[in-house]
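Below is one structure, written out as structure tokens, with a few remarks after it.
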Amino acid sequence: MLKDSRFFNISTLIIKVTNRCNLDCLYCYENVSRLGVDMSIETYKCLVDKTLSNTTQSSINFLFHGGEPSLISNQWYEQAMEYTIQMGKKYLKKVVFSMQTNLLALPDAKIDLFKKYDVQLGISLDGTFEENTAQRGAELRVLQNYNKLVNNNLKVGILSTINVDNFDKFDKICLFFESIKIKSFKANTVYNVGRGLNNQVLETSHVVQAQTSILKHMLNTKGLGLIEQNTLLELKRFFGQKTASSLCHDQVCGAGKLAMGITTNGDILPCGRFQWNDSQYYLGHIAAKEEDYFNKLNNFQNEAPENWLNCKNCGASKICRFSCQAFIVRSKDKINQECKPTIEKFNFFVEHHEALKLILANVEKGQRANVLFTIKTPQGPKEYHFNQ
Ligand code: SF4
Ligand code: SF4
């Protein structure tokens with residue numbers, strides 16, 4: 001097979017295995033529907049061949065995305081994953097499987113599949129489950145399925161969004177996560193893209209309020225309880241630690257170089273945070289000859305340069321995660337809505353220097369095992385016991 005430089009550094013493939021979804025989240029950046037197209041096994045195999053025969057990376061993450069990837073049959077996944085493992089052996093690559101799922105439907109056969117292929121699951125939780133949220137819905141069912149996964153010892157990562165309906169509830173959300181023994185989560189800011197293009201805009205003060213609630217929770221628990229992963233990365237940077245370079249957290253991100261988004265038809269997108277039919281950002285097709293790929297990628301990375309003009313003189317650049325270029329270019333105003341909150345967060349870090357240093361030290365000592373601590377809740381002090 002001819003060498004294909006588009007794949008030389010790829011370590012993550014965000015594979016839109018279907019355009020179908022069984023939920024209707026108001027902020028969905030995909031804009032999918034109940035009806036849609038699934039990826040053929042031939043397209044998937046072509047992607048595996050192209051990637052594993054070209055990449056110089058030793059480990060490749062095949063992230064099944066959508067749409068809702070759990071809607072695809074087990075038979076398809078068995079075929080896909082067996083082929084990937086076989087090709088991984090041929091090209092001496094480690095292959096890892098993961099899936100971002102809304103967890104609305106979880107038949108027992110899917111649990112068996114996840115166990116068999118050690119699939120790492122990412123799920124979205126935005127609320128306390130006292131009620132279904134306006135933005136997503138169906139949280140109560142998701143909680144039942146989350147418990148099923150935990151009881152089956154499956155690896156589950158928690159992704160929350162900060163959105164217009166929950167930005168003022170993160171104190172409660174953190175307590176709720178503690179109560180169901182979630183130890184770590186990520187809180188990402190929602191941008192108005194895709195289906196949410198005309199939604200109410202999340203204001204700077206909303207993002208700051210949510211992030212401050214999370215920080216205060218981490219301060220209350222001294223780093224012995226729930227940890228928000230974006231904050232942890234920022235704290236490490238604040239205290240001068242070298243952090244591993246990552247896909248998303250540098251000014252020029254790894255879109256199109258370290259990662260690719262692949263549509264159900266095999267079109268390449270800079271990363272998974274594009275809509276499946278965002279053809280203006282297609283970089284080519286996996287099976288076609290590479291043409292103009294890196295020029296198109298540069299155009300994407302260089303769009304909306306006004307967001308980065310002040311970075312050189314910005315004190316907060318020390319902790320900045322530089323937002324998401326895919327969301328910036330897809331939003332109407334093309335603004336980095338995380339810039340001002342990052343500056344406010346940096347000021348918070350300066351003000352709470354010593355207490356935050358303790359959090360980081362505790363996280364690093366791994367002092368989470370067998371920890372008993374008390375949190376002030378609106379109903380009075382409540383004790384939490386962690387037994388990892
Ligand atoms: S476009 Fe966004 S999600 Fe994709 S790699 Fe860049 S920062 Fe990360
Ligand atoms: S906070 Fe804003 S100005 Fe400062 S480095 Fe980040 S993106 Fe640039």
Inset, instruction - Considering the convex hull of the alpha carbon atoms of the range 1-112, report its projected area averaged over all viewing directions, in nm², one decimal. - result: 7.5 nm²
Legend entry - Computed FRET value (nearest 0.05) for SER279 with GLN200, which takes r as the C-beta separation and R₀ as 35 Å: 0.80
Inset, instruction - Positive end of the charge dipole of the range 251-375 (Lys, Arg +1 and Asp, Glu -1 on Cβ, about the Cα centre): tell me which of GLN301, CYS324, GLY256 has its Cα farthest that way. - result: CYS324
Inset, instruction - Between ASN19, ASN199, ASN151, find the one with the highest GNM mean-square fluctuation for the chain; connect C-alpha pairs within less than 10 Å. - result: ASN151
Inset, instruction - Would you mind giving the three semi-axes, in whole Å and largest first, of the ellipsoid equivalent to the range 176-266 according to its Cα gyration tensor? - result: 27, 20, 15
Inset, instruction - First measure r as the distance between the Cβ atoms of GLU291 and LYS181, then evaluate 1/(1 + (r/R0)^6) with R0 = 41 Å and state the FRET efficiency to the nearest 0.05. - result: 0.20
Legend entry - ARG20 long-range amide H proximity, modeled H, under 5 Å: VAL37, GLU68
Inset, instruction - Find out how many positive minus negative residues lie around VAL37, taking Lys and Arg as positive, Asp and Glu as negative, among other residues whose Cβ is under 10 Å from that of VAL37. - result: +1
Legend entry - Cα centroid separation, the range 2-41 to the range 152-190 (Å): 24 Å
Legend entry - Rough spin-label spacing in nm, given labels placed 7 Å along Cα→Cβ, for LEU154 and ASP108: 1.4 nm
Inset, instruction - Rounded to whole Hz and in sequence order, give me ³J(HN,Hα) for the range 202-216 from the Karplus expression 6.51 cos²θ - 1.76 cosθ + 1.60, θ = phi - 60°, writing x for Gly and Pro. - result: 6, 8, 3, 4, 5, 4, 4, 4, 5, 5, 5, 4, 5, 4, 5
Legend entry - Scattering curve values for the chain, log₁₀ I(q)/I(0), Debye with Cα scatterers, q = 0.07, 0.08, 0.10, 0.12 Å⁻¹: -0.32, -0.42, -0.68, -1.01
Inset, instruction - With springs only between Cα atoms under 10 Å apart, run a GNM on the chain and tell me which of GLN229, GLN325, GLN301 wobbles the most. - result: GLN229
Inset, instruction - Give me THR189, THR204 ranked fewest to most by other Cβ atoms within 10 Å of their Cβ, as a rough exposure proxy. - result: THR204, THR189
Inset, instruction - Compute the normalised compactness of the range 90-209: alpha-carbon radius of gyration over 2.2 N^0.38 Å, N being the residue count. - result: 1.19
Legend entry - Interchain or long-range residues, amide H under 5 Å from GLN120's placed H: PHE97, SER98, MET99
Legend entry - Computed P(r) (all Cα pairs; the range 64-119; 5 Å bins; percent): 4, 18, 29, 26, 13, 7, 3, 0
Legend entry - Gap separating the Cα centres of the range 42-107 and the range 299-371, nearest whole Å: 31 Å
Legend entry - Exposure proxy order (Cβ contacts within 10 Å, fewest to most) of VAL164, VAL150, VAL190: VAL150, VAL164, VAL190
Legend entry - Top of LEU35, LEU297, LEU233 by mean-square fluctuation, Gaussian network on the chain, Cα under 10 Å: LEU35
Inset, instruction - Could you line up PHE8, PHE239, PHE170 from fewest to most neighbouring Cβ atoms inside 10 Å? - result: PHE8, PHE239, PHE170
Legend entry - Length added when fully stretched, ASN310-HIS353, from 0.36 nm per residue minus Cα-Cα: 13.0 nm
Legend entry - Derived scalar couplings ³J(HN,Hα) [the range 231-246; Karplus, 6.51 cos²θ - 1.76 cosθ + 1.60; whole Hz; x for Gly, Pro]: 5, 4, 4, 5, 5, 4, 5, 4, 8, x, 7, 6, 10, 4, 5, 10
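Read-outs: derived from the displayed coordinates by stated rules, not from any lab. None of the values given here were measured: they were computed from a predicted structure. Positions of Cβ are generated from backbone atoms using ideal geometry, with glycine treated the same way; all protein chains shown enter the neighbour counts.
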